[in-house]
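The values are calculated or read from the model by the stated rules, or taken from the named source; none is laboratory data. Treat the numbers as computed from the prediction; the structure is a model and nothing was measured. Please note: Cβ atoms are built from the backbone with ideal geometry, for glycine as well, and neighbour counts cover all protein chains shown. The area values use the complete protein model at the heavy-atom level, side chains included, leaving out ligands, DNA and RNA. Shrake-Rupley method; radii C 1.70, N 1.55, O 1.52, S 1.80 Å.
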Amino acid sequence: MKSAIAILTVVAFASVPLWLRDPYLMNALITTGIFIIGAMSLNLLLGFTGQLSLGHIAFFGIGAYVSALTSLGFDVGLPFGFRIVHDPWPPIVGFVLAIVVAGLCGYLVGLLSFRVRGAYFVIVTISFAEVVRLVALNWVELTQGPLALTNIPSITIGLPGLGDLTLRTKLQNYYLVLAVAVVTYLLISRLVHSHFGRAMRGLMENETLAVSVGIDVTKTLTLAAVISAGIAGAAGSLYAHYIRIIDPEVFAFINTVTMVIMVITGGKGSLAGPVVGGMIFGLLPVFLRPIMAPEAQWIAYGGVLIGILFVLPRGIVPSLALRFAKPRKRIEPVTAVAFSERDVKEHA
Amino acid sequence: MMPAPAMALRVEKVAVHFGGLVALSDMNFTVGEGEIVSLIGPNGAGKTTAFNVVTGFLDPTRGAVSYRGTALNGLKPYQIADLGLARTFQRTSVFPNDTVYDNLLVGLHRQGRVNLLEAILGLPRARSSERRLRERASELVEWVGLERRARDLAGSLSYGEQRLVGVALALAAEPSMLLLDEPVSGMNASETHTFVELVRNIRDRGVTILLVEHDMPMVMSVSDRIVVLNYGRIIAEGPPDVIRNDPAVIEAYLGQGATRA
Ligand SMILES: Nc1ncnc2c1ncn2[C@@H]1O[C@H](COP(=O)(O)OP(=O)(O)OP(=O)(O)O)[C@@H](O)[C@H]1O
Ligand SMILES: [Mg+2]
């Protein structure tokens, strides 16, 4: 049943270009798709380990810059008279490096903060994103600063038997993003259903117990952060090669907030949540733009957000799943802590 | 006279201070292989604290713990679990939002570690490991007698049943020694009776048991040996018949009962 819905959804998305010709809408769908990939990666952390990364866009932006610089080449001076000269490499190499470098950054951030976690992780991620933004803004020799990296080449993929194909059109990029999104979805799905996913769940539900059955907290959380950051980096790379221009604004806090909203409205901890939430908040601007001033649009987003969470507090997908699922034993509030053996029995 | 069993757990001169509060002072005791030893004492005597030290959740202020000759000082809980020591908790004992069966799959974590890439790609080795885990989870559910509840959310079970899930979770690690912290609190008489059978059954499968429990009839009937704590000190140690009649023990319990009434 679930996989039937998934397959139908993919088929539906795949058929969109057949009947939708409007380039403006296609563009909106492509960028929405890219952000949905980012939101899925955020959900891996937020929904499955309970850790809120409020600097998630940093990994996305790092992926975008790494990929762009790899394919554009650069020539920068370092202290002590060293120089790094890099000749352009194919964008697809940039895509891979984006994943690797973003994943590495996820590792560092995770390592730094998971020993204490919670609010600490939130703060470290926000600060990290801000630091990276400042580097992108000020290391002009490498990043062009506010002048932006321009003319980023489109992705070229080698198709067996067909030679190289450079993905320039919206149609091609649409299918590229769809393909990466499907792979990401499958990857995360496999991940959360594996022993590793159970370790994450266990940690979120009852950490003391999880530790006692042998789950290594730091390792589990760090690995989740690495994978999450790597996927965000992949999304950033797609973004760079599709938009073909990148400036430090990509690191803006509002971009992280957008992803968080996508995850929370769609339903954190549900695989399809970020897709549903992402479609709503990715496409909302398209429909609001003709009828509202920009300021009013923001108010409308807020209204939609509050409305959804008011009616479906756990997010759209989990709430609906609960409503349509066959009635199951209701979870009583966890009162295991509330009762104390002191009250129950003394020396019998 | 039976030969003394080989030593499993050795607690030596352990002290735990929480700021000015002395939760344990100079605690010495041992548990032999295959023994059922109970650790009893009034509320706040330091029993759970002793468990926390042995299982690595708490570093002692002083002293040392070793299991089968390996020093446990400084080891993390999961490393101690790897050495074969598993425990249940006095209060929190389940993953409430998962089914009983899924609880055990989480509990089988250390057995199910396969290469993550193999798991993602669904390679044969990962799949067969997953199959083994599922079989093992079913066995464990059966072992503690929760077959009929396997598909229910653990949080929806009665306290007694949740304790059984806790025990099954500890058994999932295939421990050679099991520490049970007040396992029958919240159980009715017949559940307690069944539980005693389960404890004996676990021991008969070669697992050493250290039990903390307030239910005295249960403790007396199941223990080979009893260690009595009061205010962080061991005040008596011996077989049930001796402990039952020990004046210091009676004093500790009665004294406490009197102040409370
Ligand atoms: N983390 C802690 N910080 C401060 N004091 C603590 C801590 N844990 C336990 N204590 C104190 O140490 C003493 C021993 O507590 P412990 O939980 O070991 O008792 P117990 O024998 O398990 O009692 P009970 O039968 O009520 O479970 C108590 O006075 C308790 O308040
Ligand atoms: Mg206790």
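Each row is one residue, and each column tells you yes or no for (1) over 20 Å from the mean Cα position of the chain (by Cα); (2) open to solvent by less than 10 Å² (accessible area, probe 1.4 Å); (3) hydrophobic (A, V, I, L, M, F, W, C).
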{"position": "A:GLY33", "(1), (2), (3)": "no, no, no"}
{"position": "A:PHE48", "(1), (2), (3)": "no, no, yes"}
{"position": "A:PHE60", "(1), (2), (3)": "no, yes, yes"}
{"position": "A:GLY73", "(1), (2), (3)": "yes, no, no"}
{"position": "A:PHE95", "(1), (2), (3)": "no, no, yes"}
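Applying the criterion of at least 1 residues that are within 28 Å of B:GLY20 (Cβ to Cβ) and within 9 Å of another protein chain (Cβ to nearest Cβ) to the helices (runs of 4 or more DSSP H) found wholly in region B:37-149 leaves B:77-82. For the condition open to solvent by 10 Å² or more (accessible area, probe 1.4 Å), at pLDDT 90 or above and either within 23 Å of B:VAL167 (Cα to Cα) or away from ligand 1 (no atom under 12 Å from the Cβ) (or both), what is the one hit in B:THR55, B:THR49? Going through B:THR55, B:THR49 in turn, the sole match is B:THR49.
Report yes if B:VAL94 is β-branched (Val, Ile, Thr) and more than 15 Å from the chain's Cα centre (by Cα), otherwise no. No, not satisfied.
Evaluated against (1) open to solvent by less than 40 Å² (accessible area, probe 1.4 Å); (2) facing another protein chain (nearest Cβ under 10 Å), A:ARG201 falls short on exactly one condition, (1). Total residues in region B:34-56 satisfying the condition of being within 8 Å of ligand 2 (Cβ to nearest atom) and in contact with a Lys or Arg (Cβ under 8 Å, 6 or more places away or on another chain): the figure is 2. Scanning region A:170-198 for residues that are within 10 Å of chain B (Cβ to nearest Cβ) and in a helix (DSSP H, G or I) turns up A:LEU186, A:LEU187, A:ILE188, A:SER189, A:ARG190, A:LEU191, A:HIS195, A:PHE196, A:GLY197, A:ARG198.
When region A:75-91 is filtered for residues that are open to solvent by less than 50 Å² (accessible area, probe 1.4 Å) and farther than 20 Å from A:VAL132 by Cα, the ones remaining, listed by number, are A:HIS86, A:PRO91. One residue is enough: does region B:219-238 have a residue meeting the conditions modelled with pLDDT of 90 or more, open to solvent by 50 Å² or more (accessible area, probe 1.4 Å) and within 14 Å of chain A (Cβ to nearest Cβ)? The answer is yes; a qualifying residue exists.
Flag set for B:LEU83, criterion: under 25 Å from B:VAL167 (Cβ atoms) and assigned by TED's automatic domain parsing to the domain that holds B:LEU211. Of everything listed in (1) among the hydrophobic types (A, V, I, L, M, F, W, C); (2) open to solvent by less than 30 Å² (accessible area, probe 1.4 Å); (3) without any contact (Cβ under 8 Å) to a residue 24 or more places away in the chain, the single unmet condition for A:ILE316 is (3). Filtering B:GLY122, B:GLY112 for residues that are at pLDDT below 90, buried (at least 21 other Cβ atoms within 10 Å of the Cβ) and over 28 Å from B:GLU197 (Cα atoms) leaves a single hit, B:GLY112.
Quick grid of which residues meet (1) under 14 Å from B:GLY107 (Cα atoms); (2) open to solvent by 40 Å² or more (accessible area, probe 1.4 Å):
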position	(1), (2)
B:LEU140	yes, no
B:GLU147	no, yes
B:GLY155	no, no
B:MET177	no, no
B:LEU180	no, no
B:GLY186	no, no
B:ARG200	no, yes
B:ASP204	no, yes
B:LEU210	no, no
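The C-beta contact set for region B:178-194 (first residue over 25 Å from B:VAL53 (Cβ atoms), second residue surrounded by 21 or more Cβ atoms within 10 Å (Cβ to Cβ) and among the aromatic types (Phe, Trp, Tyr), distance under 8 angstrom, 6+ apart or interchain) comprises B:MET187/B:PHE195. Considering region A:246-262, the residues that are within 23 Å of A:ILE306 (Cα to Cα) and among the β-branched types (Val, Ile, Thr) include one that is surrounded by the fewest Cβ atoms within 10 Å (Cβ to Cβ), namely A:ILE254. Look at (1) closer than 18 Å to A:SER67 by Cα; (2) polar (S, T, N, Q); (3) open to solvent by less than 90 Å² (accessible area, probe 1.4 Å) and you find that A:ASN151 fails only one, number (3).
Considering only region B:15-27, I want to know if a residue exists there that is more than 9 Å from ligand 1 (Cβ to nearest atom), within 27 Å of B:VAL184 (Cβ to Cβ) and either outside the structural domain of B:MET220 (by TED's automatic domain parsing) or touching a Lys or Arg at 6+ places or on another chain (Cβ under 9 Å) (or both). Yes; the residues of region B:15-27 include at least one that is more than 9 Å from ligand 1 (Cβ to nearest atom), within 27 Å of B:VAL184 (Cβ to Cβ) and either outside the structural domain of B:MET220 (by TED's automatic domain parsing) or touching a Lys or Arg at 6+ places or on another chain (Cβ under 9 Å) (or both).
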